[in-house]
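Let me begin by presenting the structure, written as structure tokens, before commenting on it.
The values are calculated or read from the model by the stated rules, or taken from the named source; none is laboratory data. This structure is a prediction, so every number in the text was calculated from the model and none was measured. Here the Cβ is made from the backbone with ideal geometry for all residues, glycine too, and neighbour counts use every protein chain on show. Accessible surface is based on the protein model in full, side chains and every heavy atom, while ligands, DNA and RNA are left aside. Shrake-Rupley method; radii C 1.70, N 1.55, O 1.52, S 1.80 Å.
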Amino acid sequence: MSGGNASRNALRGSKMFADLHLHSVFSDGTFTPEEIVAHGRRLGFAALALTDHDTVEGCARMAAACAAAGLEFIPGAELTAELGEHELHILGYGFDVTDARLNAALTEFQAVRQNRIREMVARINQLGVPLDGAAVFALANCRAPGRPHVARALVEAGHCGSLDEAFERFLKRHRPAWVPKAKMAAREAIQLIHQAGGVAVLAHPGLNQCDEVIPALVAAGLDGIECYHTRHGAGTAARYLNFVRQYGLLVTGGSDCHGLNKGRPLIGGVKLAGHYVHKLQKALAGGVRVTAVAERAVK
Ligand code: AMP
Ligand code: ZN
Ligand code: FE
Ligand code: FE
């Protein structure tokens, strides 16, 4: 699904940049893959990755749209994982989207997400709010529904005035309709991505406050850290660039765009330098685990 040598070399140009963290309507984003690519092209991106939560359903359409627009496409997914007390998001890149084991695991986690939606709706109903579960699934219209879909359905049915109100009243951690999510172990997520031929990257560590688990993740095979992210300031990016240097990892970055944010698409706010993408593609093409270096650094 990735481009040839010409586009890889083009990514080395000093003005080439990428967004490697994007969500579509196939999880809780509001843009179709084609709309994301249209924005990416307008903004001058050379490469895009699709990283929907626990699904690769949108990758085929995104690949076709990128090819038509002359952009490099990197298939991806954002897996919900845990290590100890921490919920972590592990980004997978460049794997075979048809890999049977990966797809079997994703199907399992999609079922978990769907059951969780049913449980959240039941709790909301018990509180006297007649939200229709079928309406949530119709609105989500994807295999990996999440809390934002419940929030949107609550707003559309007039039960809440805004998405924020829906999260505050019902859906935030420890609110009455919050249901914890079964997650895969971080090591399992990394192995799943590796056996499908991809690289595994820790998403937005600045949001998770989990620096103490980084050595364990590296020992489990982590290949990279998302240093650049919409919600990472310059100091946060610098902190994770230091971890990257310490362990010999890849650097990634992206906007984590889910659609419009305060009336504007979030894509465009983070521009990952093309040379980082080139390194990521070299790691994928070589099949040489970046972690062979990283594991030595941990010992
Ligand atoms: P889930 O994966 O179902 O637990 O949903 C997580 C998603 O909900 C995240 O990707 C956020 O975009 C969104 N989210 C979490 N908390 C809030 C909040 N307080 N307001 C709006 N969106 C939120
Ligand atoms: Zn999301
Ligand atoms: Fe995330
Ligand atoms: Fe994300």
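Annotation for the stretch 214-231: no member residue is among the aromatic types (Phe, Trp, Tyr), more than 17 Å from the chain's Cα centre (by Cα) and open to solvent by 10 Å² or more (accessible area, probe 1.4 Å). The number of residues in the stretch 168-213 that are open to solvent by less than 20 Å² (accessible area, probe 1.4 Å) and either in a strand (DSSP E or B) or of a type outside the set (Val, Ile, Thr) (or both) comes to 18.
Can you name the number of the only condition in (1) modelled with pLDDT of 95 or more; (2) more than 18 Å from the chain's Cα centre (by Cα); (3) not small (Gly, Ala, Ser) that residue 264 fails? With (1) modelled with pLDDT of 95 or more; (2) more than 18 Å from the chain's Cα centre (by Cα); (3) not small (Gly, Ala, Ser) applied to residue 264, the lone miss is (1). Tell me which residues, restricted to the stretch 129-146, are surrounded by 19 or more Cβ atoms within 10 Å (Cβ to Cβ) and over 24 Å from residue 103 (Cβ atoms). Within the stretch 129-146, 131, 136 qualify.
Hey, does the stretch 107-124 have a residue that's in a helix (DSSP H, G or I) and within 16 Å of ligand 3 (Cβ to nearest atom)? Checked against the condition, which is being in a helix (DSSP H, G or I) and within 16 Å of ligand 3 (Cβ to nearest atom), the stretch 107-124 yields at least one hit. With respect to the stated conditions, residue 244 is among the β-branched types (Val, Ile, Thr) and either without any contact (Cβ under 8 Å) to a residue 24 or more places away in the chain or within 16 Å of ligand 2 (Cβ to nearest atom) (or both). Remark: pairs (first residue in the stretch 147-161, among the hydrophobic types (A, V, I, L, M, F, W, C); second residue assigned to a loop (DSSP other than H, G, I, E, B) and open to solvent by 60 Å² or more (accessible area, probe 1.4 Å); Cβ separation under 6 Å; 6+ apart in sequence or on different chains) are absent. Comparison of 203, 157 shows that the only residue that is modelled with pLDDT of 95 or more, among the hydrophobic types (A, V, I, L, M, F, W, C) and within 16 Å of ligand 2 (Cβ to nearest atom) is 203. For the stretch 143-161, the tally of residues that are hydrophobic (A, V, I, L, M, F, W, C), within 12 Å of ligand 1 (Cβ to nearest atom) and not in a helix (DSSP H, G or I) stands at 2.
Checking 53, 86 one by one, the residue that is open to solvent by 20 Å² or more (accessible area, probe 1.4 Å), in contact with a Gly (Cβ under 8 Å, 6 or more places away or on another chain) and either closer than 30 Å to residue 165 by Cα or within 16 Å of ligand 3 (Cβ to nearest atom) (or both) is 53 and no other.
If you check 25, 56 for being at pLDDT 95 or above, within 16 Å of ligand 2 (Cβ to nearest atom), among the β-branched types (Val, Ile, Thr) and farther than 11 Å from residue 76 by Cβ, only one passes: 25.
Close Cβ contacts (under 9 Å, 6 or more residues apart or on different chains) running from residues in the stretch 36-56 that are over 25 Å from residue 192 (Cβ atoms) to residues that are hydroxyl-bearing (Ser, Thr, Tyr) comprise 46/7. Of 49, 65, 18, all but one fail to be touching an Asp or Glu at 6+ places or on another chain (Cβ under 6 Å) and more than 16 Å from ligand 1 (Cβ to nearest atom); the exception is 65.
Here's the yes/no breakdown for (1) at pLDDT 80 or above; (2) open to solvent by 20 Å² or more (accessible area, probe 1.4 Å); (3) within 15 Å of residue 198 (Cα to Cα):
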{"residue": "252", "(1), (2), (3)": "yes, no, yes"}
{"residue": "259", "(1), (2), (3)": "yes, no, no"}
{"residue": "269", "(1), (2), (3)": "yes, yes, no"}
{"residue": "273", "(1), (2), (3)": "yes, yes, no"}
{"residue": "281", "(1), (2), (3)": "yes, no, yes"}
{"residue": "284", "(1), (2), (3)": "yes, yes, yes"}
{"residue": "287", "(1), (2), (3)": "no, yes, yes"}
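Looking only at residues in the stretch 112-121 that are under 11 Å from residue 178 (Cα atoms) and of a type in the set (A, V, I, L, M), the one that is surrounded by the fewest Cβ atoms within 10 Å (Cβ to Cβ) is 117.
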